[in-house]
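Peer 1: Can you keep this structure in mind? I'll have questions shortly.
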Amino acid sequence: MNPLERKNLSVRLADEIERAIRGGEWTGHLPGHRTLMQTYSVSATTCIAAIGHLETRGVISAGEPGKRRTILAKPRSASRALETLLMLHDMNAPSGGHSIAIRAYSAVWEEGGGRVVSQRVDFPRYQRPGRLMKEIVERHRADAIILQVATLPWIKAAMALCPAFLDGGEVSKINAAGVSYSMGSEIKRMAAMLYSLGHRRIAAPMELLPKSFEVSVRTRMSEVLGGSPGSAHIAALCPVFPEIVPAAWHGYWRKLFATVKPTAVIVSKDLYAHSLFGFCSRHGIAIPRDLSVVCLESPPSLEWCDPVPTRMRFPIKVAEGIFRKWLRGGCRQMPHTVVPLEYVPGETVAPPRG
């Protein structure tokens, strides 16, 4: 085999080894790094780094002294084409924006005559979902998986069983095929826009998310407003609203407005925008005169609001193109893509009063 290109060599080597595993060339246990050095004409350092990438992806087992790595990923059967796509998405507060993405991916898969099955999962509830993931895959006879906003244990469990495509989720800790946007970066972008208009009390409440998301949002907000990400001020502006039920959020808004008195709010989902609009209507808060609102989603339902929210739109066509590329490549491993959201002007942003 010709030597691999030298750019990002350990990642390229990991991709090449994974393709060999998926194609059935390596089975049972992965050869030692000396064998891999000779096979791919690379150094020991590159091999060890590539093996680390494969472990992170869930393709091989963790290392044990004196033992070879067990191959966890199963080879694709050459006897039949990929037929069934399993779509796993969070059962908590499904949003209009996520539904649009699900429909787009499903349509692309079905163009080739494939079958799509969908199942909602409570991702945060399971820290060791391997057995459950295996049961779901076997029940549906899934050949590939899309995980939407999944946690890291679920991502690793899925990648150990089938080719996986990630639509959001804990993607910063694993380089897997898929597409997402950075919530922290987009909140910073919108907070900076609101700050330039004169807003200083900008709230960005979050649902219960992995700690890395929470830290990212608070860090980006502190970069705009000043202060420490761990300060009580930033924590109050970026609270966690853990219970994803309408009645609970009505109470959360009441507490937020009583303590922080925000002049602007950034919400991540259309459902939360509707909840906020209802709260403001009930309590005589005029939008945008008294409160500016930005939503990080842009499903058609928001166009029915009066005033129409200023919002951000996920680039579905770009995501669809990345998904098509993954399919054309036989659902093999490819780098994860982080995309910026598209700004959609609305009627809910104005300078603060006074």
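The values are calculated or read from the model by the stated rules, or taken from the named source; none is laboratory data. Since this is a predicted model, take the numbers as computed values, not measurements. Please note: Cβ atoms are built from the backbone with ideal geometry, for glycine as well, and neighbour counts cover all protein chains shown. The accessibility values were calculated without ligands, DNA or RNA, using every heavy atom of the protein model including side chains. Shrake-Rupley method; radii C 1.70, N 1.55, O 1.52, S 1.80 Å.
Peer 1: Residues of the range 322-342 being among the basic types (K, R) and at pLDDT 90 or above, which ones?
Peer 2: If we filter the range 322-342 for residues that are among the basic types (K, R), which is where we start, we get 324-325, 328, 332.
The answer is R324, K325.
Peer 1: Specify the residue that is surrounded by the most Cβ atoms within 10 Å (Cβ to Cβ); the eligible residues are those in the range 179-205 that are in a loop (DSSP other than H, G, I, E, B) and among the hydrophobic types (A, V, I, L, M, F, W, C). Walk me through it before giving the result.
Peer 2: Applying the first criterion (in a loop (DSSP other than H, G, I, E, B)) to the range 179-205 yields 181-182, 197-201, 204-205.
Remaining after also requiring among the hydrophobic types (A, V, I, L, M, F, W, C): 197, 204.
Values: L197: 13, A204: 26.
Only one residue fits best here, namely A204.
Peer 1: Please count how many residues of the range 110-124 are modelled with pLDDT of 85 or more, under 20 Å from the mean Cα position of the chain (by Cα) and part of a helix (DSSP H, G or I).
Peer 2: Total meeting the criteria: 1.
Peer 1: If K325 satisfies every condition in (1) among the charged types (D, E, K, R); (2) touching a residue at least 60 places away in the same chain (Cβ under 8 Å); (3) over 18 Å from V149 (Cα atoms) but one, which is the exception?
Peer 2: It is condition (2) that K325 fails.
Peer 1: Which residue out of L256, L208 is more than 16 Å from R189 (Cα to Cα), open to solvent by 50 Å² or more (accessible area, probe 1.4 Å) and either in contact (Cβ under 8 Å) with a residue 24 or more places away in the chain or in contact with a Phe, Trp or Tyr (Cβ under 6 Å, 6 or more places away or on another chain) (or both)? Let's see the steps before the verdict.
Peer 2: On the way: L256 fails: open to solvent by 50 Å² or more (accessible area, probe 1.4 Å).
Just a single option satisfies the conditions, and that option is L208.
Peer 1: Another question about this same structure. Only one of L296, L291, L276, L302 is open to solvent by less than 20 Å² (accessible area, probe 1.4 Å) and touching a Phe, Trp or Tyr at 6+ places or on another chain (Cβ under 7 Å). Can you tell me which? Spell out how you get there, then give the answer.
Peer 2: Working: L296 fails: touching a Phe, Trp or Tyr at 6+ places or on another chain (Cβ under 7 Å); L291 fails: touching a Phe, Trp or Tyr at 6+ places or on another chain (Cβ under 7 Å); L302 fails: touching a Phe, Trp or Tyr at 6+ places or on another chain (Cβ under 7 Å).
Answer to the check: L276.
Peer 1: For I285, which of the numbered conditions (1) in contact with a helix residue (DSSP H, G or I) (Cβ under 7 Å, 6 or more places away or on another chain); (2) assigned to a loop (DSSP other than H, G, I, E, B) fails to hold?
Peer 2: Status for I285: all satisfied but (1).
Peer 1: What is the residue count in the range 149-161 for residues that are open to solvent by less than 10 Å² (accessible area, probe 1.4 Å) and either assigned to a loop (DSSP other than H, G, I, E, B) or under 17 Å from V116 (Cα atoms) (or both)? Spell out how you get there, then give the answer.
Peer 2: Quick first cut of the range 149-161, residues open to solvent by less than 10 Å² (accessible area, probe 1.4 Å) only: 150, 154-155, 158-159.
Filter once more, keeping what is either assigned to a loop (DSSP other than H, G, I, E, B) or under 17 Å from V116 (Cα atoms) (or both): 158.
So the count comes out to 1.
Peer 1: Given (1) outside any strand (DSSP E or B); (2) in contact (Cβ under 8 Å) with a residue 40 or more places away in the chain; (3) within 26 Å of A235 (Cα to Cα), where does V293 come up short, assuming only one miss?
Peer 2: Only one criterion is unmet by V293, namely (1).
Peer 1: Residue check: is T259 polar (S, T, N, Q) and either in contact with a strand residue (DSSP E or B) (Cβ under 9 Å, 6 or more places away or on another chain) or closer than 22 Å to F123 by Cβ (or both)?
Peer 2: Details: polar (S, T, N, Q): yes; either in contact with a strand residue (DSSP E or B) (Cβ under 9 Å, 6 or more places away or on another chain) or closer than 22 Å to F123 by Cβ (or both): no.
No; evaluated as a whole, the condition is false for this residue.
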